[in-house]
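A short write-up of the structure that comes next.
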Amino acid sequence: MIDVNAAAERSLTVIVGITGGIAAYKAVGVVRDLVKRGHEVHVVPTEGALRFVGLPTLEALSRNPVTTSVWDDVSEVRHVALGRRADLVVIAPATADSLARMAHGLASDLLGTTLLATEAPVVVAPAMHPQMWEHPATRANVVTLRERGVHLVGPVVGALTGDDAGIGRMAEPEDIVTAALAVLDRTSETRRGDLSGVRVVVSAGGTREPFDPVRFVGNRSSGRQGLAIAADAAARGAVVTVVAANVEAGLTAGIDATVVPVGSALELAEAVHAAAAEADVVVMTAAVADYRPAEVLAEKLKKDAQGERMTLELVRNPDVLADLVAARRSGQVIVGFAAETEPDRDARVELGRAKIARKPADLLVVNHVGWTAGFEREENAIEVLVPGGAVVRETSGTKAEVATAVLDLVATALT
Ligand SMILES: Cc1cc2nc3c(=O)[nH]c(=O)nc-3n(C[C@H](O)[C@H](O)[C@H](O)COP(=O)(O)O)c2cc1C
């Protein structure tokens with residue numbers, strides 16, 4: 001079973017913000033520690049920070065490019081990309097100035113914009129002279145940040161720059177890392193158990209529609225997104241059934257779920273409807289063929305019997321999502337997935353709106369697929385719509401992260 005509650009054990013994407021205090025050199029220890037623990041680290045320093053610690057050091061240690069400005073790599077829209085990908089943001093050291101900017105939501109550099117673009121937990125390790133720390137302006141900023149859910153580590157009492165001592169010294173790097181990972185565990189803890197006892201059916205994979213004993217019409221869905229949802233649901237306490245259409249056996253191993261293997265759309269429809277009769281939640285992640293060959297031959301189709309062109313007659317398959325929605329029991333939550341090749345986000349959302357208008361599932365997850373997107377990939381990008389067409393969530397990241405985002409919405413829909 002995959003444990004979502006082991007931040008220290010799973011690989012995270014962590015943004016380490018470094019601001020311009022003398023303790024910036026110690027932030028190198030935070031970066032090293034996180035990288036050593038197997039996490040992917042993106043360092044976002046301020047201009048001030050780079051007066052204290054060199055950019056090449058940060059790039060070499062984090063193994064990722066480092067920049068301070070929103071004007072670098074504009075095509076990537078770096079602050080949004082980083083903010084979305086982050087599991088955790090750690091700012092060490094956090095200067096008085098940076099706390100003030102955060103409290104006011106200023107977005108004048110890459111760090112400020114990234115902080116506004118992220119939903120990840122934010123942990124700050126302030127470091128400054130005691131008078132600066134005790135100043136009413138700093139105190140008020142800290143109160144604002146705490147009220148907003150920002151976590152603080154330190155500052156601690158100790159030796160400061162020069163001969164000074166007192167409150168204001170940055171916590172030690174290893175203490176910052178430990179505290180930050182613990183924050184993430186606590187955040188996961190609030191999710192853990194939120195689907196306790198909830199019966200969840202997830203369809204995963206892609207159907208194969210045979211036309212003779214050895215051939216089929218199929219699609220490229222690997223089942224990874226559905227399995228990530230199943231794993232996360234199980235980790236949150238749900239009783240999970242996976243209807244797995246042609247999913248590699250190795251992928252379902254280790255997931256705490258009943259797995260029902262199916263091949264074709266008709267088999268999938270039968271298995272999903274049977275499981276849905278007892279389910280509180282049905283998540284239709286599988287790529288189900290809209291059509292199947294009208295005839296399935298008993299013997300292999302011979303090339304010699306065909307000309308230069310061959311026509312395969314197809315007939316419509318049942319629309320499993322529409323049928324589930326029509327048969328929905330009171331309180332049952334139905335989640336549809338719509339794989340769309342449309343690259344333009346707004347146009348894709350419009351396609352989703354049309355689909356949820358036709359089939360009013362409780363949530364419709366639109367995901368971008370294509371030759372190089374969605375299928376067979378470790379990452380996914382989604383927009384989630386509700387009846388009426390509003391986009392209630394938009395995210396991209398690993399399929400595990402997308403699964404968590406979808407199940408957060410399911411948990412809310414159930415309450
Ligand atoms: C040598 C030196 C050390 C500094 N140390 C600190 C510090 O520990 N904490 C702090 O809040 N500001 C410190 N400052 C002041 C900040 O660098 C200054 O407020 C700057 O605007 C912070 O910018 P930033 O938050 O964008 O990095 C120091 C400045 C200098 C020149």
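From the set of residues in segment 71-108 that are among the acidic types (D, E) and farther than 22 Å from R139 by Cα, which is surrounded by the fewest Cβ atoms within 10 Å (Cβ to Cβ)? Before you say what the answer is, go through the steps one by one.
Taking segment 71-108 and keeping what is among the acidic types (D, E), we get 72-73, 76, 87, 97.
Remaining after also requiring farther than 22 Å from R139 by Cα: 72-73, 76, 87.
Details: D72: 12, D73: 13, E76: 10, D87: 23.
Filtering first and then ranking leaves E76.
Show the residue pairs meeting these rules: Cβ distance below 7 Å; 6+ apart or different chains; first residue within segment 238-252 and on the phi > 0 side of the Ramachandran plot and at pLDDT below 95; second residue hydrophobic (A, V, I, L, M, F, W, C) and surrounded by fewer than 19 Cβ atoms within 10 Å (Cβ to Cβ).
none
Search segment 269-298 for residues being outside any loop (DSSP other than H, G, I, E, B) and closer than 20 Å to P213 by Cβ, and hand back the single one that is nearest to the chain's Cα centre (by Cα).
Y291
Assess whether E76 counts as being closer than 28 Å to A405 by Cβ, more than 10 Å from the ligand (Cβ to nearest atom) and of a type in the set (D, E).
When the stated conditions are applied, E76 passes them.
Could you list, in sequence order, the residues of segment 141-157 that are outside any strand (DSSP E or B) and either more than 10 Å from L99 (Cα to Cα) or hydroxyl-bearing (S, T, Y) (or both)?
Taking segment 141-157 and keeping what is outside any strand (DSSP E or B), we get 141-150, 153-155.
Hits for segment 141-157 are V143, T144, R146, E147, R148, G149, V150, V153, G154, P155.
Might you let me know whether segment 304-319 holds any residue that is among the charged types (D, E, K, R), surrounded by 20 or more Cβ atoms within 10 Å (Cβ to Cβ) and not in a strand (DSSP E or B)?
Within segment 304-319, not a single residue is among the charged types (D, E, K, R), surrounded by 20 or more Cβ atoms within 10 Å (Cβ to Cβ) and not in a strand (DSSP E or B).
Of the residues that make up segment 202-210, is at least one within 30 Å of A279 (Cα to Cα), more than 16 Å from the ligand (Cβ to nearest atom) and aliphatic (A, V, I, L, M)?
yes
Any residue in segment 86-111 that's part of a helix (DSSP H, G or I): show its pairings with residues that are more than 13 Å from the ligand (Cβ to nearest atom) at Cβ separation under 7 Å, as long as the two are six or more apart or on different chains.
What qualifies is L99/L145; M102/L145; A103/T144; A103/L145; L110/T67; L110/V70; L110/R78; L110/H79.
Filter segment 133-152 down to residues that are among the β-branched types (V, I, T) and more than 16 Å from the ligand (Cβ to nearest atom) and give me whichever is nearest to R169 (Cα to Cα).
Within segment 133-152, the subset among the β-branched types (V, I, T) is 138, 142-144, 150.
Checking the rest, the ones that are also more than 16 Å from the ligand (Cβ to nearest atom) come to 143-144.
Working: V143: 19, T144: 21 Å.
Result: V143.
Among A275, A265, A234, which is surrounded by 24 or more Cβ atoms within 10 Å (Cβ to Cβ) and in contact with a strand residue (DSSP E or B) (Cβ under 8 Å, 6 or more places away or on another chain)?
That would be A265, the only listed residue that is surrounded by 24 or more Cβ atoms within 10 Å (Cβ to Cβ) and in contact with a strand residue (DSSP E or B) (Cβ under 8 Å, 6 or more places away or on another chain).
Of the conditions (1) within 28 Å of V157 (Cα to Cα); (2) not in a loop (DSSP other than H, G, I, E, B), T114 clears all except one; give me its number.
So the condition that T114 fails would be (1).
Being in a strand (DSSP E or B) and either free of Cβ contacts under 8 Å to residues at least 24 places away in the same chain or within 16 Å of the ligand (Cβ to nearest atom) (or both), is that true of even one residue in segment 46-59?
Scanning segment 46-59, I find no residue that is in a strand (DSSP E or B) and either free of Cβ contacts under 8 Å to residues at least 24 places away in the same chain or within 16 Å of the ligand (Cβ to nearest atom) (or both), so the answer is no.
Check segment 176-187 and report whether any residue there is surrounded by fewer than 20 Cβ atoms within 10 Å (Cβ to Cβ), more than 21 Å from the chain's Cα centre (by Cα) and not in a loop (DSSP other than H, G, I, E, B).
yes
Conditions tested, residue by residue: (1) surrounded by 20 or more Cβ atoms within 10 Å (Cβ to Cβ); (2) in a loop (DSSP other than H, G, I, E, B); (3) among the polar types (S, T, N, Q).
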site: G162; (1), (2), (3): no, yes, no
site: G205; (1), (2), (3): yes, no, no
site: G226; (1), (2), (3): yes, no, no
site: I229; (1), (2), (3): yes, no, no
site: G250; (1), (2), (3): no, no, no
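With the structure loaded, tell me whether G20 is within 11 Å of the ligand (Cβ to nearest atom), modelled with pLDDT of 95 or more and touching a Phe, Trp or Tyr at 6+ places or on another chain (Cβ under 8 Å) or whether it fails that test.
Spelling it out, G20 is indeed within 11 Å of the ligand (Cβ to nearest atom), modelled with pLDDT of 95 or more and touching a Phe, Trp or Tyr at 6+ places or on another chain (Cβ under 8 Å).
Mind checking whether some residue in segment 342-355 is in contact with a strand residue (DSSP E or B) (Cβ under 6 Å, 6 or more places away or on another chain) and in contact (Cβ under 8 Å) with a residue 60 or more places away in the chain?
no
Okay, residues lined up against (1) of a type in the set (D, E); (2) without any contact (Cβ under 8 Å) to a residue 12 or more places away in the chain:
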{"residue": "D163", "(1), (2)": "yes, yes"}
{"residue": "I176", "(1), (2)": "no, no"}
{"residue": "D185", "(1), (2)": "yes, no"}
{"residue": "S188", "(1), (2)": "no, no"}
{"residue": "D194", "(1), (2)": "yes, no"}
{"residue": "S203", "(1), (2)": "no, no"}
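In this structure, does D256 turn out to be surrounded by fewer than 24 Cβ atoms within 10 Å (Cβ to Cβ), within 19 Å of A279 (Cβ to Cβ) and not small (G, A, S)?
yes
For every residue, the table says whether it meets (1) within 13 Å of the ligand (Cβ to nearest atom); (2) without any contact (Cβ under 8 Å) to a residue 60 or more places away in the chain; (3) touching an Asp or Glu at 6+ places or on another chain (Cβ under 9 Å).
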site	(1), (2), (3)
L115	yes, no, no
P121	no, no, yes
P126	yes, yes, no
Q131	yes, yes, no
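The values are calculated or read from the model by the stated rules, or taken from the named source; none is laboratory data. Treat the numbers as computed from the prediction; the structure is a model and nothing was measured. Methodologically, a virtual Cβ is constructed for each residue, glycine included, from the backbone with ideal geometry; neighbour enumeration extends over all protein chains shown.
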